[in-house]
Structures are given as C-alpha cells and as structure tokens.
Amino acid sequence: MKIKKFETKEDWLDGRKSKITGSRLKDIVVKRGTGEKIAYYEIIAERICTLEEEENPMDRGTRLEQEGIEKLQDATGKEFDTSLVLWEREDNNAIAISPDGFNGSTIAAEIKCLSSAKHIESYLTKKIPEEYTFQKLQYFIVNEELETLYFGFYDPRMPKKLELHYFVIERKDVQEDVDMYLAYQKEKLEKIEEIITELTF
C-alpha cells in the first residue's frame, strides 16, 4: 500500500480526482443491468477534460448556449435563429416549448451544456439522457410542421473532437410517442381546467 500525504485540503481533493474512493465505490458498482453509473463517466471526465470551478448548471447552460448553437451550426451547416420565442400549439396555447434555435418551422435545435460526466455518458452510450426524452418529444408535439430536431451537447472543457456531439431526430421516428403524449397533455389540461373552474366559481 502507498501512502500519500497532502499539505492542504485542496491538494487532498485534487489527489482524489479520477480515482475510485470509498465514498465513490457505491456510484461505480452495478448490481443489475449493463449500464454504467455516473461515477464511471466522472472518472473518464476527470482524466480527459479541463475541469473548471463548480457552477450552477442553469447558469452554465445559459452562459454557453449561444456558443453551443454556433458550434452546432458549424457542424450541421444549418443556420439557427436564436431569438427568444415561445412556440405554442394552435389548438391549445398551454402546450408550449421554447426552442434554443430554429430554421423556419421545420427545423429546430436544442443544446445542452451538461456536466462533463453526463456529456461523456451521452457520447459513449449514443443516447440522449432519459431526463430529456419529454423535452425532445415536446418540440414535435407543439409544432406540427417540425420535421427535424438537432439535439446537441456542448462542453468546451472536452478535447476538441468531443466538445460537441448531437443527435438528429426525425418526426417519423417519434410520431407514435408524440401522439400519445399530446393526448396525455390535453387530458391533464382538461382536468386542470375543471379544478380551476370549481375553485374559482
């Protein structure tokens, strides 16, 4: 066994990076299934990217969104309007989405600036993280003219070739879920209206 001594807590914390420690083991061990837990991706991130100071994820996303959209434009050859807009369904304005970018009504873009670990997880698994499934669908639910959504992930702390990766979602591939969750939202909104009516009259 090797023993490393540190002069400061900062050095000690730095020495723990990219290692499986006692407190991290629970976030590595997979008991069922084949998917990896987040600490697996954190270790990769700590070894390959430049880590910055901790930042509120929402602040980080806001700060990097425009830069991410520009990188997505370069990668796809598509121009995206980044005006601050809200898209609402024609038949129900309570069903809405705020696109990060759009090209007319048929092409849209969403950009995520996640933690480096989540960025790597998405890149290696070739999947949009599950927590964004409904956001992806909502684009198509709100805008019936939308044909293509570019869903991108941007992290400038990564090596150049990993800074940006993206998925192209076509309406035909999600239409069944779009129909299902449109009906679901309409049903919920009807119930909400009934409750509001009861409570206010």
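Values in this text are rule-based calculations from the coordinates and carry no lab data. Keep in mind it's a predicted model, so treat the numbers as computed, not measured. Here Cβ is always computed from backbone atoms with ideal geometry, including for glycine, and neighbour counts include all displayed protein chains.
Taking 7 Å along the Cα-to-C-beta vector as the label spot, tell me the GLN135-ASN92 distance in nanometres, rounded to one decimal.
2.2 nm
Would you mind counting up the charge near GLU90? Only other residues with Cβ under 12 Å from its Cβ, with Lys and Arg at +1 and Asp and Glu at -1.
It works out to a net charge of -3.
So what's the back-of-envelope 222 nm ellipticity for the chain, counting only DSSP H runs of four-plus at -39500 (n - 2.57) apiece and dividing by all residues, rounded to 500?
Helices in the chain give a 222 nm mean residue ellipticity of -14500 deg cm²/dmol.
Need the list of aspartates and glutamates near LYS4 for cross-linking: C-alpha distance under 15 angstrom, and skip anything on the same chain fewer than eight residues off.
In chain and number order, the partners are ASP14.
Would you please give the residues with an amide H less than 5 Å from that of LYS112, counting only those at least 5 places away or on a separate chain, with H modeled from the backbone geometry?
Those qualifying (amide H under 5 Å, at least 5 residues apart or on another chain) are GLY152, PHE153, TYR154.
Could you work out the local net charge near VAL174, counting Lys and Arg as +1, Asp and Glu as -1, over the other residues with Cβ closer than 12 Å to its Cβ?
Here the count lands on -3.
Take the cross-link list LYS9/LYS127; LYS126/LYS161; LYS9/LYS161; LYS5/LYS31; LYS37/LYS172 and give me the ones stretching past 26 Å between alpha-carbons.
LYS9/LYS127; LYS9/LYS161; LYS5/LYS31; LYS37/LYS172
How many percent of DSSP beta bridges within region 56-200 run antiparallel, rounded to 5?
Once the DSSP bridges in region 56-200 are tallied, antiparallel ones form about 70 percent.
At R0 = 41 Å, how high is the FRET efficiency between TYR184 and GLU46 if r is their beta carbon distance? Nearest 0.05 is fine.
With a Förster radius of 41 Å, E is 0.55.
Can you tell me the length gained on complete extension of the stretch GLU67 to LYS37, counting 0.36 nm per residue apart and subtracting the Cα distance?
7.9 nm
So if each residue of separation counts as 0.36 nm, and I subtract the Cα-Cα distance between ASP173 and LYS191, what length gain in nm does that give?
Using 0.36 nm per residue and subtracting the Cα-Cα distance, I get 3.5 nm.
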